C-alpha cells in the first residue's frame, strides 16, 4: 500500500476479474491495490486516463496508508501452515507443529488471505510430499511452492508475470527453501510432476485443463475457480482425465483435489 497517496480509484469488479484488473492497475502505475468485496481500490500519485473505465476517483487525505494497511494484516492459518507477513515475523510465536511461512506479499498474488490460497495450502497439508516432485503453476508470491518445499517436495514454480517470478525467488530465500523458479506457464516444465497445484482463474483453468492433467502423474490441485462456474473448469478437466476426489468451497470459491486417469 502507498505511504502518501493523494488520489484513490474505486473500481467495481467481481472476484473472477479481480486479479486481471489488479494487474492492469499495477501496470498503470498504481502505488497500491486493495481487493475488497465487489471492488478494487487503487492509489495513484495523480488522476490518469490510462486505467480501466467504470471507476470513481476520490481525493485522498495525506495519511500513512502503508502503516494502516500493515496494521490490518494478520497471520493466516491454513492447516498446519501459518502465513506470516514479514513485518510481523519477529514477534510471531508459533504453536507446536506449526509450519511458518514468512512472506512479503509485494505485488504478487498469494498472501494467504484469499480463500483459494488457503484452500490450496490445506490440500497440500493433506498430502505426503516428502521426496515428491511438485509444480506450482501460476506461482504468484510462491507461497504454495514454498509450503510444499518445506514439507519435503522438490518444487518448481512457474509464472507468466516477471514480478511474480522475482517475488517467488525472494520469498523462497526468505524461507530457506530451494525452488526451481521459471518464467512461463505449464509448458515451461521439462517433464510431468507427481503433484501439480494451479491456483488460477476459472477460464484459465479451463483453457489449460489438458496441459495441467498431462503435467500430473499423481495428484492435481486446482483452485481460483468460482463456485457458480465450477462446471466451466471441472468439465474440461474431467474430459482430459482428471478424477476429482474432493471439491471444497469457501467464500464462493472452490478447490478441487484429485488424480489422473
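FYI, it's all coordinate maths here, none of it is from the lab. These numbers come from a predicted model, not from an experiment. Note that we place each Cβ from the backbone using ideal geometry, even for glycine, and neighbour counts take in every protein chain shown.
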Fill in the blank from the handout: Taking Cα pairs closer than 8 Å and at least 6 residues apart, the relative contact order of region 73-260 in percent is 17
Exercise for the section: Provide 156, 93 in ascending order of the number of other Cβ atoms located within 10 Å of each residue's Cβ, fewest first. Expected result: 93, 156
Handout entry: Nearest-ten-degree value, helix 115-125 long axis tilted from longest Cα axis of the chain
Key = 30
Fill in the blank from the handout: Mean-square fluctuation maximum in Gaussian network of the chain, Cα pairs under 10 Å, restricted to 186, 41, 196, hits 41
Handout entry: Segment residue 34-residue 247, length gained on full extension (0.36 nm per residue, minus Cα span)
Key = 73.9 nm
Practice task
State, to one decimal in nm, how far the label point of residue 74 lies from the label point of residue 178, with both points 7 Å from Cα in the Cβ direction.
Solution key: 3.8
Problem - Cβ-based exposure ranking for 114, 92, 7, in which fewest neighbours within 10 Å come first - result: 92, 7, 114
Fill in the blank from the handout: Computed from the beta carbon distance with a Förster radius of 51 Å, FRET efficiency for residue 90 and residue 27 to the nearest 0.05 stands at 0.95
Handout entry: Antiparallel DSSP beta bridges within the chain, percent to nearest 5
Key = 55
